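The values are calculated or read from the model by the stated rules, or taken from the named source; none is laboratory data. The model shown is predicted, which means the values in this text are computed figures rather than measured ones. In this analysis, Cβ positions are derived from the backbone assuming ideal geometry, glycine residues included, and neighbour counts consider all displayed protein chains. Only protein heavy atoms, including side chains, enter the accessible area calculation; ligands, DNA and RNA are left aside. Shrake-Rupley method; radii C 1.70, N 1.55, O 1.52, S 1.80 Å.
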There are 2 protein chains.
Amino acid sequence: MNFEGRIEKLIKLLSNKGLDAAILTNRSNIRYFTGMRFNITSFSILFVSEKGNIVFLVPTLDYKRVKKDCWIRDIRQFPEDNPNYLAPLKKVLSDNMACQIGVEFPAISIEGENLIKEVTNAILVNIDNDLLTLRSIKTKEEVELIRASAKIADEAMTKALESVKEGMREYEVSAIALNVMMNEGAEGPSFEPFVMSGENAWLPQRFSSKKELKRGEMILFDMGCILDGYCSDITRTFSLGGLSDEQKELFKIAGEAQKSAVAAIKPGISGEDVDKVAREYIAQKGYGKHFPHLTGHGLGLSVHEMPMLDKGFEVVLEPGMVVTVEPGIYVEGIGAARIEDMVLVTEDGFSLLTSAPRDLIDIGR
Amino acid sequence: MNFEGRIEKLIKLLSNKGLDAAILTNRSNIRYFTGMRFNITSFSILFVSEKGNIVFLVPTLDYKRVKKDCWIRDIRQFPEDNPNYLAPLKKVLSDNMACQIGVEFPAISIEGENLIKEVTNAILVNIDNDLLTLRSIKTKEEVELIRASAKIADEAMTKALESVKEGMREYEVSAIALNVMMNEGAEGPSFEPFVMSGENAWLPQRFSSKKELKRGEMILFDMGCILDGYCSDITRTFSLGGLSDEQKELFKIAGEAQKSAVAAIKPGISGEDVDKVAREYIAQKGYGKHFPHLTGHGLGLSVHEMPMLDKGFEVVLEPGMVVTVEPGIYVEGIGAARIEDMVLVTEDGFSLLTSAPRDLIDIGR
């Protein structure tokens with residue numbers, strides 16, 4: 001990865017916004033610029049000045065590893081559990097006069113803000129969206145990693161669905177998929193995989209329970225993994241057979257809505273216009289009130305990032321963006337259906353990154 | 001669980017601190033008071049006034065489920081992806097005059113703080129530590145859940161270690177343990193399980209890599225799960241045989257330091273005094289500079305919570321607290337060793353909650 005090129009873009013951003021420096025703590029941004037992975041219980045701080053000074057502050061426990069593996073030369077350590085852990089940052093700031101500092105507002109807590117204010121009088125400016133915009137267009141190298149991550153999710157989904165049978169519990173299906181992903185070298189799931197069957201699907205529950213799978217239910221399975229930092233995300237709807245005509249109709253409508261929205265993807269179309277394709281199709285079929293979420297979201301180093309395919313999102317799609325497309329229908333007493341694929345925006349349209357079987361009305365055995 | 005009793009304690013806390021209300025967003029606190037589990041990508045808001053008004057604000061997608069399952073009567077929904085999602089909270093605040101509001105400073109981002117300030121002029125007061133203190137003493141019911149979570153971690157550790165052999169990759173060992181935990185009905189891992197072998201152990205790396213396990217290396221495995229919300233956390237150090245005397249010595253010192261610290265646990269001793277037992281033992285053996293982290297931490301609905309067993313933590317242990325004890329030694333070019341167990345503070349001392357085999361100098365086959 002061209003980390004230096006990314007930092008150059010960040011410095012240009014600071015310059016354009018009249019900022020003297022950036023203090024970054026969001027782990028996806030940290031990984032984007034440094035290449036470093038951290039355990040979920042730890043965090044680190046990246047300082048970049050508009051003049052090009054780069055200092056990477058990491059917990060003492062990570063110091064040796066980062067020193068060995070990271071391309072950045074000025075690595076400093078701070079004591080993780082010490083109330084005075086920001087002392088090294090104080091030193092950096094006193095060496096780099098800054099009046100306006102870019103930070104990620106959603107990543108810094110009030111506690112963190114108070115600590116930063118103890119070490120600097122600079123005005124804090126939110127650059128979260130600018131960084132998400134930077135990250136939203138993927139390089140070929142990133143697309144290959146996302147493609148590989150999607151391939152593992154495909155394989156996990158396929159293996160899990162091949163193993164499903166009546167009486168199996170929701171969490172057992174999740175476990176099969178997770179096991180495939182971990183054995184393929186995934187760093188972990190991109191979120192807790194969840195199987196939702198029957199009532200759990202139309203609620204929707206959004207996690208796997210101990211409930212047993214039955215015939216006559218619509219069953220959703222949503223999951224993905226992280227491979228070398230990059231996330232995948234895929235959903236399939238299936239049944240063990242015995243669906244009513246109304247349930248089959250839901251299945252069909254969700255599938256058609258998704259296919260139409262995918263087909264609409266090309267450079268120049270806005271996120272809200274892609275959303276509209278799915279939303280209008282579902283409304284026209286009489287289920288408008290039963291589609292309570294967005295049509296899709298970007299993904300990369302985070303599982304939810306820009307661009308969003310939803311009402312109010314005017315951002316226009318560009319080649320190199322990667323999004324999910326996942327309109328869903330949830331009807332109390334009947335069931336729920338959602339097909340989610342990952343889609344790359346190409347020069348002249350789109351390319352599907354996930355391909356696990358979609359036509360799963362009856363996989364019972 | 002006696003959720004009403006917990007809310008009563010919160011109300012008493014507000015009253016004692018002269019606060020009119022609390023706005024909680026930390027997911028462990030939300031689960032503690034409401035019993036509700038949420039997908040990692042979603043969040044919710046619990047409002048509790050000192051007068052006893054309780055309003056639980058949840059994303060539209062979770063509304064039906066929470067309405068069905070939660071003991072709280074006033075459940076309201078907000079649109080997750082809508083910039084105006086705090087409008088329902090605004091309504092709650094205009095119905096409940098509040099001049100001083102307790103919030104969790106580490107949980108609310110600058111963005112969240114700005115949104116709250118848009119809907120209220122109230123002064124925000126940090127009650128994070130008070131809530132952690134409330135949660136630090138576990139009821140019998142909670143201890144049973146933690147014990148069950150620890151039992152699954154024990155089983156996963158044991159199965160993984162039984163399967164380990166030369167040439168296996170670090171992440172494959174993690175995958176075995178994770179698979180056991182998921183099939184036992186765990187909600188997920190309490191953190192990404194990690195195996196660190198050879199150089200990765202002494203760095204320490206804190207995640208599993210693709211590195212193959214070899215004879216002559218010291219290998220650490222740290223992992224745990226979440227069962228019905230409650231976390232477990234256990235570490236074992238092992239080798240596939242062929243250790244040098246110096247490596248064996250590290251192994252022995254880390255084990256003895258841990259055993260001494262565990263034995264010191266009883267009501268009335270402070271976190272820093274338990275830490276001192278391990279730290280002084282290791283220093284006395286000449287490895288003081290090679291123990292770069294805390295001796296232990298509380299755990300419950302969060303994997304790291306109060307009390308801490310570390311320098312500067314004067315909090316005194318009480319019956320019902322649950323902590324890990326995990327002093328570690330990391331020596332460049334040699335190896336690393338750490339044994340971590342979960343310990344319940346009892347009326348007259350301590351009780352170990354984890355029991356997977358600890359004497360693992362040679363498990364090679």
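For this structure, a couple of remarks:
- Subset of segment B:279-320 [away from chain A (no Cβ under 11 Å) and closer than 21 Å to B:R27 by Cβ]: B:G298, B:L299, B:G300, B:L301, B:E305, B:M306, B:P307
- Counting residues in segment B:144-154 that are under 30 Å from A:G312 (Cβ atoms) and either away from every other protein chain (no Cβ under 12 Å) or of a type outside the set (V, I, T) (or both) gives zero.
- Which numbered condition B:G312 fails, given (1) assigned to a helix (DSSP H, G or I); (2) of a type outside the set (K, R); (3) at pLDDT below 95: (1)
- Residue within segment B:32-46 that is touching a Gly at 6+ places or on another chain (Cβ under 8 Å), aromatic (F, W, Y), in contact (Cβ under 8 Å) with a residue 60 or more places away in the chain and away from chain A (no Cβ under 13 Å) present: no
- Segment A:61-77: number of residues that are open to solvent by less than 50 Å² (accessible area, probe 1.4 Å) and within 12 Å of chain B (Cβ to nearest Cβ): 4
- The one condition from (1) under 18 Å from the mean Cα position of the chain (by Cα); (2) within 14 Å of chain A (Cβ to nearest Cβ) that B:T354 does not meet is (2).
- Scope segment B:305-333; condition closer than 13 Å to B:P204 by Cβ and not charged (D, E, K, R); matching residues: B:G328, B:I329, B:Y330, B:V331
- Among all residues of segment B:295-308, there is at least one that is hydroxyl-bearing (S, T, Y), touching a strand residue (DSSP E or B) at 6+ places or on another chain (Cβ under 9 Å), under 21 Å from A:Y85 (Cα atoms) and in the same structural domain as B:S232 (by TED's automatic domain parsing).
- All of A:V345, A:V322 fail the test of being within 17 Å of the chain's Cα centre (by Cα), buried (at least 21 other Cβ atoms within 10 Å of the Cβ) and over 28 Å from A:I219 (Cβ atoms), apart from A:V345.
- Selection status of B:L57, open to solvent by less than 50 Å² (accessible area, probe 1.4 Å), outside any loop (DSSP other than H, G, I, E, B), within 30 Å of A:I40 (Cβ to Cβ) and without any contact (Cβ under 8 Å) to a residue 40 or more places away in the chain: yes
- Taking the conditions (1) open to solvent by 40 Å² or more (accessible area, probe 1.4 Å); (2) more than 14 Å from every other protein chain (Cβ to nearest Cβ) in turn, B:V92 satisfies each one other than (1).
- Among the residues of segment A:105-129, those identified as touching a residue at least 40 places away in the same chain (Cβ under 8 Å) and either within 11 Å of another protein chain (Cβ to nearest Cβ) or within 17 Å of the chain's Cα centre (by Cα) (or both) are A:P106, A:A107, A:I108, A:G112, A:I116, A:V125, A:D128, A:N129.
- Options B:G18, B:G102, B:G5, B:G52; residue that is open to solvent by less than 70 Å² (accessible area, probe 1.4 Å), within 14 Å of another protein chain (Cβ to nearest Cβ) and over 22 Å from the mean Cα position of the chain (by Cα): B:G102
- Residues in segment A:155-178 include at least one that is free of Cβ contacts under 8 Å to residues at least 24 places away in the same chain, in contact with a Ser or Thr (Cβ under 8 Å, 6 or more places away or on another chain) and within 11 Å of another protein chain (Cβ to nearest Cβ).
- From A:S197, A:S209, A:S190, residue being in contact (Cβ under 8 Å) with a residue 24 or more places away in the chain, surrounded by 24 or more Cβ atoms within 10 Å (Cβ to Cβ), farther than 17 Å from A:T354 by Cβ and in contact with an Asp or Glu (Cβ under 9 Å, 6 or more places away or on another chain): A:S197
- Sole residue being modelled with pLDDT of 95 or more and either within 29 Å of A:M36 (Cβ to Cβ) or out of contact with any Lys or Arg (no Cβ under 9 Å at 6 or more places or on another chain) (or both), chosen from B:N183, B:N121: B:N183
- Residues that are surrounded by fewer than 20 Cβ atoms within 10 Å (Cβ to Cβ) and either in contact with a strand residue (DSSP E or B) (Cβ under 8 Å, 6 or more places away or on another chain) or of a type in the set (A, V, I, L, M, F, W, C) (or both) are absent from segment A:30-37.
- Selection from segment A:145-171 of residues that are farther than 27 Å from A:Y32 by Cα, open to solvent by 20 Å² or more (accessible area, probe 1.4 Å) and under 24 Å from the mean Cα position of the chain (by Cα): A:T158, A:K159, A:Y171
- Positions within segment A:273-294 being touching a strand residue (DSSP E or B) at 6+ places or on another chain (Cβ under 7 Å) and part of a helix (DSSP H, G or I), in sequence order: A:V274, A:D275, A:I282, A:H290
- Selection status of B:N29, of a type in the set (S, T, N, Q) and closer than 30 Å to A:E199 by Cβ: yes
- Qualifying position, being of a type outside the set (A, V, I, L, M, F, W, C), assigned to a helix (DSSP H, G or I), modelled with pLDDT of 95 or more and open to solvent by 10 Å² or more (accessible area, probe 1.4 Å), among B:K248, B:K214: B:K248
- Output for segment B:88-104, where each listed residue is more than 22 Å from B:N26 (Cβ to Cβ) and touching a Lys or Arg at 6+ places or on another chain (Cβ under 9 Å): B:K91
- Residue in segment A:106-118 that is crowded, with 18+ Cβ neighbours inside 10 Å, β-branched (V, I, T) and farther than 27 Å from A:G229 by Cβ present: yes
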